1. Taking A:Thr24 and the conditions (1) at positive phi; (2) polar (S, T, N, Q); (3) touching a Phe, Trp or Tyr at 6+ places or on another chain (Cβ under 7 Å), which numbered condition does it fall short on, given that it satisfies the others?
2. Against the condition at pLDDT 95 or above, more than 16 Å from B:Phe155 (Cα to Cα), assigned to a loop (DSSP other than H, G, I, E, B) and not charged (D, E, K, R), how does B:Val38 come out, does it pass?
3. May I ask you to list the residues in the range A:57-79 that are closer than 22 Å to B:Ile132 by Cβ and part of a helix (DSSP H, G or I)?
4. Any idea how many residues of the range B:1-35 are in contact with a Leu (Cβ under 8 Å, 6 or more places away or on another chain) and surrounded by 15 or more Cβ atoms within 10 Å (Cβ to Cβ)?
5. Would you mention how many residues in the range A:19-50 are closer than 13 Å to B:His125 by Cβ and either without any contact (Cβ under 8 Å) to a residue 12 or more places away in the chain or among the hydroxyl-bearing types (Ser, Thr, Tyr) (or both)?
6. Looking at the range A:80-87, can you tell me whether even one residue there is loosely packed, with under 15 Cβ neighbours inside 10 Å, within 14 Å of chain B (Cβ to nearest Cβ) and more than 13 Å from the chain's Cα centre (by Cα)?
7. Tell me, which residue of the range A:25-51 that is polar (S, T, N, Q) and within 10 Å of chain B (Cβ to nearest Cβ) is nearest to the chain's Cα centre (by Cα)?
8. For A:Leu95, are the conditions met, namely being closer than 30 Å to B:Ile113 by Cβ and of a type outside the set (Lys, Arg)?
Amino acid sequence: MSVSPSPSKILRNLLRNEAFYFFTSIGNYTGQHAGSLREFMQKIGEIDIKSLEFHLYRQDFEKWIAQTLGDARFAAEIKNLRSRKVAGNLLREQLSNVVSRRYQELRGKMSFKIIT
Amino acid sequence: MKIKGRSAALDDLDWRILELLQENAKQTYTKIGHLLGVAHSTVYDRIKRMEEYSIIKKYGTVIDLEKVGIKPITAFVTVYTDPKESEKIAEKLAEFNEVLEAFTSFSEELVIIAKVVAGDQGQLHSFIAQSIAPLPGVLRIRTSIVTRKYKEEAFRNGLNYDSQRKRGRRV
């Protein structure tokens, strides 16, 4: 059984080589990257839709979330979204919802820990 | 071959020896001498001097990868950079085994063009995403995958260089 990392670890600022780099197709880098889950959430709202589709269906998002952020549950939610085969603006909307919800949840857990 | 300062002027015989070596670097001095109508000792002396002055940089082996079951893909990767970081990025790219050639170039923006090989598209993408995109100063990347190769040759003495050769010969 894998142990979930702490919210602070998932929300940490990442090193350059751990960041998520947004591409629109094989080898075509947009110049946009996310160095934390918070930045990732922001970029999803503004990045080219082609990039979201490219990474979702290559399973890049779920791999990065599971392997770099270490959040297996969150990765499973992304995988579930992928299985619905959404595209275009609907994909941006649904992805934003999933990521924002998880981000707020982790932020809430961090605040709770500080209070207690 | 005549040396003047840091450059060397090759004569016709030097160029013809180089052309034969580019076709087949394993042929003997005797065979080259026979083909060019000069003694093998002359060929030996000319080649040794060109090696000594690094005009001949190295002898290579061209591998037919398809015959050993490897079909790599080749891509030309254009890396748009922050001008302040361009040289460092080019030097870093030159260190990777996947990068066969790397050049800096200036058109509307300062770019680095690299010829890259990888086992397949997945490996190519991983290399670019994990090794090039994270380098400080990389602004964006455009990649063109080669679909068919029409020509691949090392530099050969051509007509465009005749004038330079003639100038060199007068030195």
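1. (1)
2. Yes.
3. Looking only at the range A:57-79, we keep the residues that are closer than 22 Å to B:Ile132 by Cβ, and these are A:58-61, A:63-64, A:67-68.
Correct list: A:Asp60, A:Phe61, A:Lys63, A:Trp64, A:Gln67, A:Thr68.
4. Matching residues across the range B:1-35 total 8.
5. Number of matching residues: 7.
6. Within the range A:80-87, the subset loosely packed, with under 15 Cβ neighbours inside 10 Å is A:80, A:83-85, A:87.
Narrowing further to those that are within 14 Å of chain B (Cβ to nearest Cβ): none.
No: zero hits.
7. Per the criteria, the residue is A:Gln32.
8. no
The values are calculated or read from the model by the stated rules, or taken from the named source; none is laboratory data. Predicted, not measured: the structure shown is a model, and the values here were computed from it. Quick reminder, even Gly has a Cβ in these numbers, built from the backbone with ideal geometry, and neighbours come from all protein chains shown.
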